[in-house]
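Q: Take a look at the following structure, please.
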Amino acid sequence: MQPELSSAALAALAQVVGSANVHTTPPARAPYAANVSGLQRSFPAVVLPGSTAEVQGVVAVANQHGLTLYPFSRGRNWGLGSRLPARDGSLLVDLSRMQRIREVNAELGYAVVEPGVTQRQLHAYLVEHGLPLALNVIGSALDSSLLGNALERGIGYFATRAGSLSGLEVVLGNGTLLKTGFAHYPQAQTSHVYKHGIGPGLDGLFYQSNFGIVCSAGIELIRRHGRHRSAVLRIQHESQLPGLVEAVADLRRREVLRMVVHIGNRARTYCTLAPLVYEQMGSG
């Protein structure tokens, strides 16, 4: 049976985010239940805050009415639950409306983004402004969230995403706004340069946890190089695989290879490269 929210709770949520951003009807909730795992969850509504202040308002309503919140950034965590809550009856908090790029510092190489900012969006910003910076991209959709993936400890082509975050802005369960590292201090200029700040580092509390809702963070960017080169290698027999793995590992340790290396069979190689080859042939 589908859980329901009280009319008072719905009215309070609508007052915080606007009635258009509270979805309760079955057609509006249906896309949020879609996933590839076969898992099913029941949830009464979806609320879409558009700012940190609105997230604080949603948390206040949840505390007042005894609601369980399940926040997510873009819902592109395909194969790992997507947008489904951990348990039935949770109110989904969709952060995709929070899609502001608050700052890009080309000199120091970082961007400050909200959870709704996608790989596509930040890449387009860098290209539009002619900045010599790039993302540590992941092999996911263009419209996946930068922060959502990093907080789930996603792995990009150059390094893990979690280590690239700094200066988290977090709404705690009691509605308090916490800023980590040097961002804790007003007018701090080094929040995204030295992530640890002074004293114990709190960032790790908010990776794969339910201790707060991350509303923004700095994410490290990569300097573009003048040239890049990729290579495809092939072995003739499976007995050569251990030697190949060791050779590649050695090149990675010495940073001759700086990107992620994929090892797969012929079928995977074909599926990966065929679209690129087809595109080049079609454009020629």
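The values are calculated or read from the model by the stated rules, or taken from the named source; none is laboratory data. This structure is a prediction, so every number in the text was calculated from the model and none was measured. Cβ atoms come from the backbone with ideal geometry, glycine included; neighbour counts cover every protein chain shown. Each accessible area value is taken on the protein alone, full model and side chains, heavy atoms only, with ligands, DNA and RNA left out. Shrake-Rupley method; radii C 1.70, N 1.55, O 1.52, S 1.80 Å.
Q: Could you put Leu142, Leu251, Leu178 in order of accessible surface area, largest first, with the 1.4 Å probe and the full protein assembly present?
A: Largest to smallest exposure gives the sequence Leu142, Leu251, Leu178.
Q: State the answer as a single residue: which of Gly116, Val55, Ser144 lies farthest towards the positive end of the charge dipole of segment 37-171, with beta carbon charges of +1 for Lys and Arg and -1 for Asp and Glu, about the Cα centre.
A: Value: Ser144.
Q: If r is the Cβ-Cβ distance from Gln240 to Ala124 and R0 is 35 Å, what FRET efficiency results, to the nearest 0.05?
A: 0.25
Q: To continue, here is another question. Any idea of Asp88's accessible area? Nearest 10 Å², probe 1.4 Å.
A: 90
Q: Another one. Report the net charge of residues surrounding Gly148, where surrounding means a beta-carbon distance below 9 angstrom and charges are Lys +1, Arg +1, Asp -1, Glu -1.
A: +1
Q: Which of rounded, prolate, oblate describes segment 41-122, given a ≥ b ≥ c as roots of the alpha-carbon gyration tensor eigenvalues and a/c under 1.5 marking rounded, otherwise prolate only if a/b is larger than b/c?
A: Judged from the Cα gyration tensor, segment 41-122 comes out oblate (a/c at least 1.5, b/c at or above a/b).
Q: I would also like to ask the following. Could you run the Karplus curve 6.51 cos²θ - 1.76 cosθ + 1.60 with θ = phi - 60° over segment 206-216 and give me ³J(HN,Hα) per residue in whole Hz, x for Gly and Pro?
A: Taking θ as phi minus 60°, the curve returns 10, 8, 6, 9, 10, 7, x, 10, 6, 9, 6 Hz for segment 206-216.
Q: Work out from phi, with θ = phi - 60° and the Karplus expression 6.51 cos²θ - 1.76 cosθ + 1.60, the ³J(HN,Hα) of each residue of segment 107-121, listed in order in whole Hz, and give x for Gly and Pro.
A: 5, 9, x, 8, 10, 10, 10, 8, x, x, 6, 9, 4, 4, 5
Q: Please list, in chain and number order, the residues 5+ apart from Ser144 or on another chain whose amide H is under 5 Å from its amide H, with Hs placed from the backbone.
A: Under 5 Å from the amide H of Ser144 lie the amide H atoms of Gln119, Arg120, each far enough along the sequence or on another chain.
Q: Given only helices, namely DSSP H runs of n ≥ 4 each adding -39500 (n - 2.57), what is the per-residue ellipticity at 222 nm of the chain, to the nearest 500 deg cm²/dmol?
A: For the chain, the value works out to -8500 deg cm²/dmol.
Q: Another question, if that's okay. Quick one: putting +1 on the C-beta of Lys and Arg, -1 on the C-beta of Asp and Glu, what dipole do you get for the chain around its Cα centre, in Debye to the nearest 20?
A: 640
Q: For segment 141-158, take each phi angle, set θ = phi - 60°, evaluate the Karplus expression 6.51 cos²θ - 1.76 cosθ + 1.60, and give the result in whole Hz per residue in order, putting x for glycine and proline.
A: Once θ is set to phi - 60°, the couplings for segment 141-158 become 6, 4, 9, 7, 6, 5, 6, x, 5, 5, 5, 8, 6, x, 10, x, 6, 10 Hz.
Q: Given R₀ = 35 Å, FRET efficiency for Ala249-Arg223 by Cβ-Cβ distance, to 0.05?
A: 0.90
Q: How large is log10 I(q)/I(0) at q = 0.09, 0.15 Å⁻¹ when the Debye formula is applied to the Cα atoms of the chain, each weighted equally and without solvent?
A: -0.53, -1.19
Q: Could I ask something else about it? Mind giving me the FRET efficiency for Val193 and Ala141? R0 is 22 Å, r the Cβ-Cβ distance, nearest 0.05 is fine.
A: 0.15
Q: Along the positive direction of the dipole of the chain (beta-carbon charges: Lys, Arg +1; Asp, Glu -1; about the Cα centre), which of Ile101, Pro132, Gln15 reaches farthest?
A: The residue sitting most towards the positive pole is Pro132.
Q: Which residues in segment 57-101 have a backbone N closer than 12 Å to a point placed 7 Å from the Cα of Leu39 along the Cα-to-Cβ line?
A: 77-88
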